[in-house]
Every structure is written in C-alpha cells, then in structure tokens.
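Input: a single structure, listed below in structure tokens.
The values are calculated or read from the model by the stated rules, or taken from the named source; none is laboratory data. A quick note: this is a predicted structure, and the numbers were derived from the prediction, not measured. Virtual Cβ from ideal backbone geometry, glycine too; neighbours counted across all protein chains shown. SASA here: full protein model, heavy atoms, side chains in, ligands and nucleic acids out. Shrake-Rupley method; radii C 1.70, N 1.55, O 1.52, S 1.80 Å.
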Amino acid sequence: MSENKKIGSTYSIPIGPVHPALKEPILFTFKMNGELVEEVDFAPGECHRGIEWMGMRRNPVQIVHLTDRICGICGVSHSLAFARAVEQIAEIEVPERAHYVRTIIAEYERLQSHLLWAGVAAHELGFDTLFFLAWRVREESMDVIEYLTGNRVNYGIVQVGGVRRDFTEDQFPRIEASLKYYEDVAGKLLNLFLEDRTIQMRCKNTGVMSEKEALELCTVGPTARASGLAMDVRYDSPYAAYGDLDFTPVLPHQYLGLTNGDVYDRIVVRLLEVVQSVDLIRQCLENMPSGEVLWEKKYPKILAACKKATGEAVGRIEAPRGECLHYVRMDGNTNPQCWKVKASTYSNQMSWLNMLKGEQIADIPIVVASIDPCMSCTDRVAVVHGERTDILTKADLHRLSVEKTRRLAQWS
Amino acid sequence: MVMILGVDPVLVLGGTVAVALFGMLAGLVFMGIERKFAARMQARIGPPIRQPFRDVAKLLSKDSIVPENAIPCLFNMAPVLALASSIVILLYIPLGGFLPVLAGYGDLILVMYLLTVPALALVAGGFASGSPYATVGSQREMVTMMSYELPLAIAVIAIAWRLAAAGIADPFSLATIAGTASGITIWSVVGPLGIIGCVLLLIVLTWVTPAELSRVPCDTPEAETELCGGLLVEYSGRNLALFYLAQGVKTVAMAALAVALFLPWNISWFVALSPNAALAADFAFFLLKILAVIFFSVSVIRVGMARFRITHVVSIYWGYLGGLGLLGLVFMVLDAYIGGGGVL
Amino acid sequence: MSFLPAIPEVLRQFFKRPATNLFPAKYLPSSVTKYLKSVQEGNAAINPPVETPPNFRGKILYDRDTCIGCKLCIRVCPANAIEFLPDTKKVRIFVTQCIFCSQCNDACPVDALHMSDEFLLADEDRYSENMIVE
Ligand code: SF4
Ligand code: SF4
C-alpha cells in the first residue's frame, strides 16, 4: 500500500482493497495530478466465494436459500431471480397471492437498501448525522421484514413455486404503520438530503455520466435512471405482481426538472424510489388476492418437479441496485448443470472509469459509492498471487468461455 | 527574588507547568464533552466523557511504529512540537480571571503566529511519513491554513484596531482585549454599528475555529473516508497520543481566544466577591464560556454539514468569510468615525 | 432554514432522547468477562435485547422421539448442517453450520423440528454441547 511513485508531476495512489471509503474489497489505482484524477484502474476479485460452484452441488430447493447469502443486503432479489429461472424451466405456476407477497418483500428490500445507501453516501461525504439518521429510519423496514419473514437480513421467504410464509390479516396493521411512518419521514429526508447546500456543493456536477454513456456502458438500475435512461425491469418486463401495479420508472427530471446524470441525481432517484416503494406496497396490500402462496406444500413433490425439469432459463428482476440476472440450466439431474449469477454491480462498475476521470480525490469515495457497488455479489474470479501470477487477457477469457460453452453443449 | 530578563523564573515555570497540565486535562475533558454533544445531536448516546482519557492511556501504552519510508527524526519530533506549541499558545491567553502567564511578553499577533505552529508540525509530520495519503493530507493542511489565515487576521485586527481607536493603550495585548484588569471590553467600546461589526466578526471566528481544528466540514487534511486519516495515517502509539493531546489543547486555546476576543465578561465585574472567590467564579464561568464556544463552533457545525472539498475551503474562507470579515471591519471603522460609540 | 436544514434538526434532536439501543449495557464494561460473570451472579443487570417477533428463526429445536428418520430434512438443508445417524436412525444438527433458514422445519413430515427464539449463540467451540442438537 505504500507505493508512491512520482512520475513527472503525477503520482499514483492506491485505494483498497481495504480502505475506510470502501465498504467492500476492491482495489483502485489512481494516477493523480495534484488533487485531480488523471487515470483510473480497478481490480475486483478480492472476495470471490465460489457460491455458484457450491450451488451446482445442491438441488434448487437448497440453492434458493444459498442465493439469499450472495448479497448481504439484497436478501430477496437473488432468490427471486433464481426461483423465477427454475420455475420457468420446471413450468411451475406460481399462485397469484405469492406474487403479491414477493412484491411486498422486494419493495421493502428496496426501501431498506436505498436508505442504507443514502446513509453510506452521507458518511462518504463526511456527513455522519445523516448517516445515523438514514440508518435509524431504515430500521423500521428491517423490523417489518423481520416481523413478516422471521429474519432481518436473510429473509428466506422465497421458495421455488411461491413463498414460504403468507401474510395474515393481523399483520397488516403493522405494515400499514410502517408505511405511514415512511410517508411522514419522506419529506424530512428529501429536505435534509437534497436542500443541504454542502451536499449540493459536493454532489452537483460530480461524477457525471451522460445518457449516451449510460446506454453504451449498459448500466442498470438507479445508476442508469439517474442519467435519464427510463429503464426498470419492473416496468419493462413485469414479473411478480408488478404488471398489476400502477407506476413508472423514477427519473431525476421528475423532481428537478432536468437531468444532469451526476451524483446528486443518483441521490434524488434513490430517495424518490423510497417514496415509490411505499406506494407500491400500499397498492399490493389493497389488491392482494386470496389463495395459496405455494404451488405445492409437499417438499418431496417440489424436489421431484425440479429433478424432472430440463432446459435453461433466465430469471431477471430489478434488484435495488439494478437488474439482477440468474441463468440456470437443468438437465434432469437433482442439481443444476449450470448456474450463473450476474449482479447489478457487474453491469455498473465500468461506468466508474468515465465518472472518476477529472474528479478530485475528495470525490472518489462518493463517486464510487454512487453506483451502490456490491462486490460480494459481483466477484466471479479470484486472482491468487502465488509463485506465478497469470493475468488473463480479454483474448484468453474469450477462448475460455468458448471452451466452456462447447463443454456445456456436449453434456446436453 | 531572582529575575532573569525581567521574569521571575519560579513564577513562569510554575505557571507554565500549571497551564500545561490544565490545557491537557481540560482538552481531554472538553473533547469528551464535545463527543457527547455531537452524539446527542445525532441521537446517539456516545462514549462516556472519560473516553478521551482512555484513548490516550491506551495509545501511550502502545508502540510507536515508524514506517520504512519515513524520516524518523522529523516524524518523531512533529508530535512533540505540536503539543509544545499548543501549550505555548495557552501561555499567552487569559484564562478567566488569571492573567496570561507570559502577559507582557507577546501579544495577539504572536498568538496568531503560534496558532500556525501546531499545524506546521502536523504538515511536517505528514510529509515525513512517506505515505501518499499523508502527503496529500499535508498539502491540504497547508492550503487550509492559508485559507483561514485571512479571515482570522481580519477578525483579530479589527478588534484590536477598534480598541486602539478608542484610545486604549496596548490594544494588541490579550490582557487588554479581554479587559481582565480594566473591565473594558470591545462591547463596552463600540456603538450600534460596531456591534453589528462585532457580530459579523464573531461569525467569522466561529467558522475559522473548525478549520483551525481540522474538524468537519474542514477536516479535509484528515478526511477519514478519503485519506484514511491523511496526515495522521502513519502515526500510532505515543506519537499519536501526543497529537491527540495537542488537538485537545488546541481546542481549548482556540476557544479561549474566542472567549478573550468576544466573550470577555467575568462574573467578578458584576458581583462583589472576595478575591479568591472571584478568581474561582471567574474561572468556572470561563470554562462554561469555553464549553459554549465548543458547542457552537465545533459540535453544531461538525454534525450539521458535509465535508468541503479543498477547493471549497479556499473559496469559502477567502471569498465568503474574508468578505464577511472585511464587512465587519468596515462597520468597525464606520463605528469609530461616525458611530459616536468611540472615544476617538 | 433550507440552506443547512440539518442544523435545526440536530438542535431539536439535542433535546430529545437518543435512539441508541442499550443492549447489553450502556457503556462497554472495562472487562466483558467480569461483567458477564457479575450478571450471572445477579450483581449486575443486562439491558434486554429487542424482542424477537413471533415467527423468529433462532436456534433449532429437535424432537428426537417424533423423528422417523426419513432424511427429508437432510435433502433440503442448504448448509449441509444435518447429519444422519444410521445406528439410531435419527439426525444430528450442527448449529454452527446452520444458516437458520428453517427449511427443514417446513419439510419435516412429522413436525419434529422447530426454531426457537434463542439467538445469542456465540461460543468458543464449534462442537460444544450448545452447538450440537441431537
Ligand atoms: S434451519 Fe436450514 S440450515 Fe439450519 S438445519 Fe434446518 S435446513 Fe439446515
Ligand atoms: S425430516 Fe423430520 S422426521 Fe425426517 S429425519 Fe428430519 S427430523 Fe426426522
């Protein structure tokens, strides 16, 4: 970490893999000119856990709860995406009510994730008061999630073919109370985050990404929406109960009248999505149909259905950070033949390079945090420094993927 | 009585030791209370008030690690210099009813110079650390220093000038400014225009304090989330403890300076007390005033906003606060010539 | 003040109660082990943790007598935390391995498995008596 080579007037400064600004392990190398960033490079791969490898040695009913653990914050996004993939392969019809339960939990997750992010962003700006406040407000959604699912973080509510727990009438007042709480506090949050001059000074015109760049870099989720791209999996290809709900993707110009694509816009989008989530949950509660919540109560039958299934499918959902995609391929064995996870950060991380260029050191933490990165979701490879360090180039990786695809094709 | 250069060495030595002890003790206590204030405002309980003592005790019991790339002598000398210079500042500032230990041997201008010495020690230590974070931190500290120097100087000079304009002898002496002996302060000299000027200058000084003490929003040189502690990143153990103590002493010194300039009143001016009781009451009141200054210019500001970029620090301190200070100065000048409050 | 809206907010908060949850004690005791010991001896009180909701998933409970040894729980356990004991045709659950998903509870045909609301499970030994349910 003490690498400090002076090259002319520039010097390089490493940030990560362990650094107070980064809540997740990733290594950035900045070539600096005074306080200005001239060049950026980053190396992920510090926390690859081989979870896909573990999954391919388990059956889908087991994997569904492994997916909860891919990310520490998105407790339902990954399991929902995975379950959707398996349900498509096994042609399982999910009961209507289960769709609503899934939607409610997914929206609560968005609530808590965005508030968590808002807190982290405030902390990166040195504004710890808002960090404490946002997390205190977030606690309400964690409590409701715990009340509904039995756990604060790893909800374990999604099952292949539905959900494991139904919401009963006597739970509704608690949900209603939390929605009321968020409606009351939303104005205060918007005021504290968006009207504050110091936050405006720090965030406006910082880490700008134009709509064109956002499109070309294939960014997803709030990061893309903050640049003006109206894309949201919930809206574009509705899943769960989203098709029945009335909403449009949140874009910064709805609040500000224009879109800059800067860090400030990303705060706007996420805070407005908090408000939107409250509305969506309320719509779900009003329209919730009655009925079963699980396609089949008997576990042996679910296991058998998964085992019989052959084929491949992609489950896409809108996680709080953007599109989360699971590819599953089943070949009539108990365990899937292939399972591939693409988390939202994977799509968003390349936007860092453009955003960071020309910014000051002071802006690095907030710009990096502005896409709400989650490295533990994203890391797919670990580069282990042993005697020999092989760095695979793009050509190598391409060759390896072609080989793997051939191998997969031969198996089936 | 043996006198050296017109000074009674016993008195000065004793006073210095007493002030040094007071500075370190009060610094830690005030830092503990300040953390409580901030915690309260953030809806937290916060650490117990004795936490800074525990921190220092813990740091003192640990090894000081000198990094490979560091320049050891400079690296180890910086914390000592920072603490010593912070204490020296206190020797020139009246503490409640007590005259400064070195009263008559230096004035406000000297104090202003001395205020930069702990910061310079930090900068030297940062550059000597041989870490890119510390280097960037040192550069930022220097820029910050240059930024707040202008508004600070304006505020200080405006007050002293106004006192001089009122015909008071020795206006740059802090004992005069605080009116410790005479009971005459800036507020009793100025007229209505001057009061506006004084309030403006008070605002300027309130904002200079966080920059001087490197607290949010001006903690850019340390910036935990950007530079992992910047200047101090390589410091540990005893060296860090000294910096920590220096920070405490500096907090007291800055607050005491603000008190001397703008909140100089003593209880004994209003209530007749026996000399000893007066000293005690004045001192207690002085501590209370320090606490008030810390509350407003450290706690409230630091919990109420985000960190500035270093470029913001420059533009805000030179532009806005410099401008505000000049405006205050103009008011003072007007007050002296036409305001009728002065005794020109 | 819409210029720095946080300032009035923090000043208001200054006079309100802090939100900190005081579990297990207001301040970190200087020695945690001594503190816990004095709690055990009844000399000190612990601030209770936040209550768990009704369907909380804590440490697993196993009703050995009801179990019919069907192994279904083993097939659905994501963490491979359950071991089959062929001699007795019963199971053994390793709590340190368990991820508290309660899937085995749902799957068990005779309702032999349950989740308790016990969650303070820290232990120094993975295989201590507390950490193995059988
Ligand atoms: S609760 Fe889940 S992890 Fe624990 S033993 Fe049961 S199935 Fe396995
Ligand atoms: S599923 Fe129930 S009955 Fe079957 S082995 Fe497990 S605990 Fe026993």
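Looking only at residues in segment C:103-121 that are assigned to a loop (DSSP other than H, G, I, E, B) and near ligand 2 (Cβ under 8 Å from one of its atoms), which one is least open to solvent (accessible area, probe 1.4 Å)?
Step one: of segment C:103-121, the residues assigned to a loop (DSSP other than H, G, I, E, B) are C:108-112, C:116-121.
Then drop every residue that is not near ligand 2 (Cβ under 8 Å from one of its atoms), which leaves C:108-112.
Values: C:C108: 24, C:P109: 83, C:V110: 50, C:D111: 88, C:A112: 1 Å².
Out of the qualifying residues, it is C:A112.
Looking at segment C:25-33, is at least one residue open to solvent by 70 Å² or more (accessible area, probe 1.4 Å), more than 11 Å from every other protein chain (Cβ to nearest Cβ) and more than 24 Å from the chain's Cα centre (by Cα)?
No.
Please go through (1) over 15 Å from C:A6 (Cβ atoms); (2) open to solvent by less than 10 Å² (accessible area, probe 1.4 Å) for A:I199 and return the number of the only condition it doesn't satisfy.
With (1) over 15 Å from C:A6 (Cβ atoms); (2) open to solvent by less than 10 Å² (accessible area, probe 1.4 Å) applied to A:I199, the lone miss is (1).
So if I check each of B:L21, B:L74, B:L28, which one is open to solvent by 50 Å² or more (accessible area, probe 1.4 Å), assigned to a helix (DSSP H, G or I) and closer than 28 Å to B:F98 by Cα?
Details: B:L74 fails: closer than 28 Å to B:F98 by Cα; B:L28 fails: open to solvent by 50 Å² or more (accessible area, probe 1.4 Å).
Exactly one of B:L21, B:L74, B:L28 is open to solvent by 50 Å² or more (accessible area, probe 1.4 Å), assigned to a helix (DSSP H, G or I) and closer than 28 Å to B:F98 by Cα, namely B:L21.
Looking for something touching a Phe, Trp or Tyr at 6+ places or on another chain (Cβ under 8 Å), within 13 Å of another protein chain (Cβ to nearest Cβ), assigned to a strand (DSSP E or B) and within 11 Å of ligand 2 (Cβ to nearest atom) - is there at least one such residue anywhere in segment C:68-75?
no
So that you can scan it fast, the table gives a plain yes or no per residue for (1) farther than 18 Å from B:D335 by Cβ; (2) at pLDDT 80 or above; (3) hydrophobic (A, V, I, L, M, F, W, C); (4) open to solvent by 30 Å² or more (accessible area, probe 1.4 Å):
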residue: B:I196; (1), (2), (3), (4): no, yes, yes, yes
residue: B:P210; (1), (2), (3), (4): yes, yes, no, no
residue: B:C218; (1), (2), (3), (4): yes, no, yes, no
residue: B:P221; (1), (2), (3), (4): yes, no, no, no
residue: B:T225; (1), (2), (3), (4): yes, no, no, no
residue: B:L232; (1), (2), (3), (4): yes, yes, yes, yes
residue: B:L242; (1), (2), (3), (4): yes, yes, yes, yes
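Which is touching a Gly at 6+ places or on another chain (Cβ under 9 Å) and either over 16 Å from C:C108 (Cβ atoms) or not assigned by TED's automatic domain parsing to the domain that holds C:E129 (or both), of C:V10, C:V32, C:V50?
Numbers: C:V32 fails: touching a Gly at 6+ places or on another chain (Cβ under 9 Å); C:V50 fails: touching a Gly at 6+ places or on another chain (Cβ under 9 Å).
Among C:V10, C:V32, C:V50, only C:V10 is touching a Gly at 6+ places or on another chain (Cβ under 9 Å) and either over 16 Å from C:C108 (Cβ atoms) or not assigned by TED's automatic domain parsing to the domain that holds C:E129 (or both).
Among the residues of segment C:82-102, which ones are within 12 Å of ligand 2 (Cβ to nearest atom) and either within 14 Å of another protein chain (Cβ to nearest Cβ) or among the small types (G, A, S) (or both)?
Passing the criteria: only C:I82.
Return the pair list, or none, for Cβ contacts closer than 6 Å from residues in segment C:107-118 that are within 12 Å of another protein chain (Cβ to nearest Cβ) to residues that are within 6 Å of ligand 2 (Cβ to nearest atom) and open to solvent by less than 80 Å² (accessible area, probe 1.4 Å), at least 6 apart or on different chains.
So the pair list comes out as C:A107/C:L72; C:A107/C:C73; C:C108/C:C73.
So C:E41 ticks every box in (1) modelled with pLDDT of 85 or more; (2) surrounded by 11 or more Cβ atoms within 10 Å (Cβ to Cβ) but one. Which box is left unticked?
Going through the list (1) modelled with pLDDT of 85 or more; (2) surrounded by 11 or more Cβ atoms within 10 Å (Cβ to Cβ), C:E41 breaks only (2).
Go through segment A:68-98 and give me each residue that's outside any helix (DSSP H, G or I), within 14 Å of another protein chain (Cβ to nearest Cβ) and touching a Cys at 6+ places or on another chain (Cβ under 7 Å).
Result: A:I70, single match.
Any residue in segment C:62-82 that's of a type in the set (D, E, K, R): show its pairings with residues that are more than 9 Å from ligand 2 (Cβ to nearest atom) and open to solvent by 20 Å² or more (accessible area, probe 1.4 Å) at Cβ separation under 8 Å, as long as the two are six or more apart or on different chains.
Cβ pairs passing all conditions: C:D63/C:H114; C:R64/C:E134.
Scan segment A:29-67 for residues that are touching a residue at least 24 places away in the same chain (Cβ under 8 Å), part of a loop (DSSP other than H, G, I, E, B) and closer than 27 Å to A:A81 by Cα and report the count.
Within segment A:29-67, residues that are touching a residue at least 24 places away in the same chain (Cβ under 8 Å), part of a loop (DSSP other than H, G, I, E, B) and closer than 27 Å to A:A81 by Cα number 10.
So which helices (runs of 4 or more DSSP H) stay within segment B:260-344 end to end and still have 2 or more residues that are charged (D, E, K, R) and either away from chain A (no Cβ under 14 Å) or touching a residue at least 60 places away in the same chain (Cβ under 8 Å) (or both)? Quick ask: steps written out before the conclusion?
On the way: elements: B:275-294, B:301-304, B:310-314, B:322-334.
Result: B:275-294.
With A:E96, A:E109 as the choices, which residue is of a type outside the set (S, T, N, Q), in contact (Cβ under 8 Å) with a residue 24 or more places away in the chain and touching a strand residue (DSSP E or B) at 6+ places or on another chain (Cβ under 9 Å)?
When all the criteria are applied, what remains is A:E109.
What pairs come out if I take residues in segment A:146-168 that are at the interface with chain C (Cβ under 10 Å from one of its Cβ atoms) and over 13 Å from C:Q103 (Cβ atoms) and pair them with residues that are outside any loop (DSSP other than H, G, I, E, B) and basic (K, R) whose C-beta lies under 8 Å away, six or more apart or interchain?
The qualifying pairs are A:Y147/A:R174.
Against the definition (over 23 Å from A:F247 (Cβ atoms) and part of a helix (DSSP H, G or I)), how does A:L148 come out, yes or no? If you could, list the steps in order and put the result at the bottom.
Values: over 23 Å from A:F247 (Cβ atoms): no; part of a helix (DSSP H, G or I): yes.
It is false that A:L148 is over 23 Å from A:F247 (Cβ atoms) and part of a helix (DSSP H, G or I).
Here are some conditions: (1) under 20 Å from C:K71 (Cα atoms); (2) touching a helix residue (DSSP H, G or I) at 6+ places or on another chain (Cβ under 8 Å); (3) more than 9 Å from ligand 1 (Cβ to nearest atom); (4) more than 10 Å from chain A (Cβ to nearest Cβ). C:D123 meets all but one. Which one does it not meet?
Unmet for C:D123, out of (1) under 20 Å from C:K71 (Cα atoms); (2) touching a helix residue (DSSP H, G or I) at 6+ places or on another chain (Cβ under 8 Å); (3) more than 9 Å from ligand 1 (Cβ to nearest atom); (4) more than 10 Å from chain A (Cβ to nearest Cβ): (1).
Within segment B:79-119, track down each residue that is of a type outside the set (F, W, Y) and part of a loop (DSSP other than H, G, I, E, B). I'd like the intermediate steps shown before the answer.
Residues of segment B:79-119 of a type outside the set (F, W, Y): B:79-91, B:93-97, B:99-104, B:106-112, B:114-119.
Within segment B:79-119, B:I93, B:P94, B:G96, B:G97, B:L99, B:P100, B:V101, B:L102, B:A103, B:G104, B:G106, B:D107 meet the criteria.
For segment C:85-101, give me each residue that is within 14 Å of the chain's Cα centre (by Cα) and more than 10 Å from ligand 1 (Cβ to nearest atom).
C:T96
For segment A:253-302, name all the residues that are free of Cβ contacts under 8 Å to residues at least 40 places away in the same chain and surrounded by 23 or more Cβ atoms within 10 Å (Cβ to Cβ).
A:D265
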